[in-house]
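The values are calculated or read from the model by the stated rules, or taken from the named source; none is laboratory data. No experiment lies behind these values; they were computed from the predicted model shown. No Cβ is skipped: glycine too gets one built from the backbone with ideal geometry, and neighbour counts run over all protein chains shown.
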């Protein structure tokens with residue numbers, strides 16, 4: 001579907017490239033863009049179309065005052081993605097190709113010196129963030145890149161995946177509860193990525209708990225990336241209400257270009 005008209009809020013939107021309306025950036029094909037979870041690198045659309053949608057998303061983030069610019073090295077991204085396809089052990093992932101590219105691009109533009117990712121499973125989501133600073137897609141040098149995974153078996157798998165990308169040790173996987181880790185973290189945080197699931201039925205509501213533990217470490221201008229802002233929105237209610245409150249975050253934009261979504265917020 002190349003063109004769709006739909007009333008959203010106060011105005012009509014159209015076109016495959018996506019449109020920002022209020023606190024959302026959305027594409028008309030967001031519900032049609034489906035992936036096979038066991039094949040996260042399967043091509044779902046042309047590279048040119050994927051690139052165009054991500055660039056439009058970055059432009060919306062820049063216009064919202066969340067990124068300094070919307071330019072990133074697409075050749076470097078392709079090198080990183082090709083290496084991940086060859087080297088990583090990924091049993092499954094819900095991170096769509098559009099989201100993989102967007103997360104890499106945000107990190108490549110923002111260039112966080114300290115990045116913490118909570119709930120990294122096998123390490124794929126962590127490397128979507130960290131590969132802007134390690135491996136063949138590296139475009140800057142970071143100080144600390146930390147992936148947190150509470151399951152020791154998956155943390156070990158993530159570490160093995162990571163070592164195929166980062167031989168210098170800038171990035172590391174820690175098998176630990178993200179709330180406890182962030183509560184005791186003594187350094188600043190420039191980018192916090194959230195993709196954890198709480199036990200006891202907490203699910204994505206744990207995002208707010210992690211954020212509360214990390215809040216006083218977030219540097220001015222720090223970015224928050226919260227995956228599943230669409231399909232996990234009901235469990236994320238408290239988190240979303242907090243970051244969308246201008247008294248807490250300077251700006252927040254919900255990226256709705258696939259069924260999962262990503263809430264991007266700036267401290």
_Close pairs from segment 198-222: first at negative phi and at pLDDT below 90, partner assigned to a helix (DSSP H, G or I) and surrounded by 15 or more Cβ atoms within 10 Å (Cβ to Cβ), Cβ under 7 Å, at least 6 apart_ = 198/206
*Hey, any hits in segment 195-206 for a residue that's crowded, with 22+ Cβ neighbours inside 10 Å and within 25 Å of residue 56 (Cα to Cα)?*
yes
*If residue 154 satisfies every condition in (1) assigned to a helix (DSSP H, G or I); (2) in contact with a strand residue (DSSP E or B) (Cβ under 7 Å, 6 or more places away or on another chain) but one, which is the exception?*
(2)
*How about segment 30-50: which of its residues are assigned to a helix (DSSP H, G or I) and either surrounded by fewer than 18 Cβ atoms within 10 Å (Cβ to Cβ) or without any contact (Cβ under 8 Å) to a residue 24 or more places away in the chain (or both)?*
47, 48, 49
*Which numbered condition residue 68 misses (of (1) free of Cβ contacts under 8 Å to residues at least 60 places away in the same chain; (2) in contact with a helix residue (DSSP H, G or I) (Cβ under 9 Å, 6 or more places away or on another chain); (3) over 21 Å from residue 261 (Cβ atoms); (4) not in a loop (DSSP other than H, G, I, E, B))*: (4)
*If you scan segment 88-98, which residues turn out to be part of a helix (DSSP H, G or I) and either on the phi > 0 side of the Ramachandran plot or surrounded by fewer than 24 Cβ atoms within 10 Å (Cβ to Cβ) (or both)?*
97
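This table checks each residue for (1) closer than 24 Å to residue 37 by Cα; (2) touching a helix residue (DSSP H, G or I) at 6+ places or on another chain (Cβ under 9 Å); (3) in contact (Cβ under 8 Å) with a residue 12 or more places away in the chain; (4) buried (at least 24 other Cβ atoms within 10 Å of the Cβ).
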{"site": "105", "(1), (2), (3), (4)": "yes, yes, yes, yes"}
{"site": "111", "(1), (2), (3), (4)": "no, no, yes, no"}
{"site": "118", "(1), (2), (3), (4)": "yes, yes, yes, yes"}
{"site": "137", "(1), (2), (3), (4)": "yes, yes, yes, yes"}
{"site": "141", "(1), (2), (3), (4)": "no, no, yes, no"}
{"site": "145", "(1), (2), (3), (4)": "no, yes, yes, yes"}
{"site": "160", "(1), (2), (3), (4)": "yes, no, yes, no"}
{"site": "168", "(1), (2), (3), (4)": "no, no, yes, no"}
{"site": "172", "(1), (2), (3), (4)": "no, yes, yes, no"}
*Residue satisfying all of: in segment 51-79; within 16 Å of the chain's Cα centre (by Cα) and within 27 Å of residue 164 (Cα to Cα); surrounded by the most Cβ atoms within 10 Å (Cβ to Cβ) among these*: 54
